């Protein structure tokens with residue numbers, strides 16, 4: 001069964017460094033998303049992406065964040081200058097553009113630790 | 001402020017019983033509703049979606065939606081210890097790019 005994959009599974013970085021989290025969505029999906037979950041807290045929406053542009057973004061997704069679909073398979077989240085409070089699990093998700101457009105399937109996540 | 005509210009639990013049920021999980025939401029234009037299961041340290045796994053009022057059954061799971069009361073529930077019949085997890089309610093709002101708003105989740109424990 002097709003699934004969303006994410007790399008790396010765990011990323012440790014120092015405050016102020018740039019990180020890129022990578023995702024390969026399900027191959028026939030056209031909508032892509034990033035969410036994050038701080039330990040013990042809710043899953044929070046960051047951004048949605050369709051047709052090579054951002055569809056929606058949250059207040060969390062400020063100028064330090066960017067997304068890109070550099071080729072036909074990868075979808076990336078970049079954090080330019082990481083802060084301690086960026087430590088969280090980051091989940092990529094994808095969905096189709098049919099009537100089930102909003103049934104989103106999540107990848108296994110990348111645990112980001114900022115020291 | 002759009003919110004999705006769930007009882008955090010833990011909800012404890014014996015094996016074989018029915019587990020009932022509840023969720024309320026505040027935005028009247030919410031249009032799609034989802035239940036995800038999240039095992040500790042893992043990602044959310046989609047188990048049910050419901051778009052219109054009434055019941056939707058899939059195996060041991062039944063989702064119920066009442067838009068007038070802004071209420072969605074999940075029933076798990078014949079609960080198994082493997083159902084022990086946190087169940088997340090998620091709501092999609094029209095014209096927000098597929099954004100899902102999640103509740104805090106209800107922790108379910110099924111005792112053998």
Quiz item: At q = 0.10, 0.11, 0.14 Å⁻¹, what base-10 log of I(q)/I(0) does the Debye formula yield for the protein assembly as shown when every alpha carbon is treated as an equal point scatterer in vacuo?
Solution: -0.45, -0.55, -0.88
Exercise. In whole angstrom, note down how far apart the Cα centers of the range A:1-64 and the range B:65-107 are.
Key: 21
Quiz item: Which Rg and Dmax, in Å, describe the Cα atoms of the range B:21-85?
Solution: 12.4, 36
Quiz item: Where a ≥ b ≥ c are the square roots of the eigenvalues of the C-alpha gyration tensor, would you call chain A rounded, which needs a/c under 1.5, or, failing that, prolate if a/b is larger than b/c, or oblate?
Solution: prolate
Quiz item: Sorted from largest down, what three extents in whole angstroms do the Cα atoms of chain B have along their principal axes?
Solution: 44, 30, 20
Practice problem: Select from A:54, A:79, A:26 the residue whose mean-square fluctuation is largest in a Gaussian network model of chain A (Cα-Cα springs shorter than 10 Å). | Solution: A:54
Self-check item: Point-to-point label distance, residue B:67-residue B:42, nm (Cα→Cβ direction, 7 Å offset)
Solution: 3.3
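All of the numbers you see were taken from the coordinates with simple rules; none came from a lab. These figures come from a predicted structure and were not determined experimentally. Every residue, glycine among them, receives a Cβ derived from its backbone with ideal geometry; neighbour counts consider all protein chains shown.
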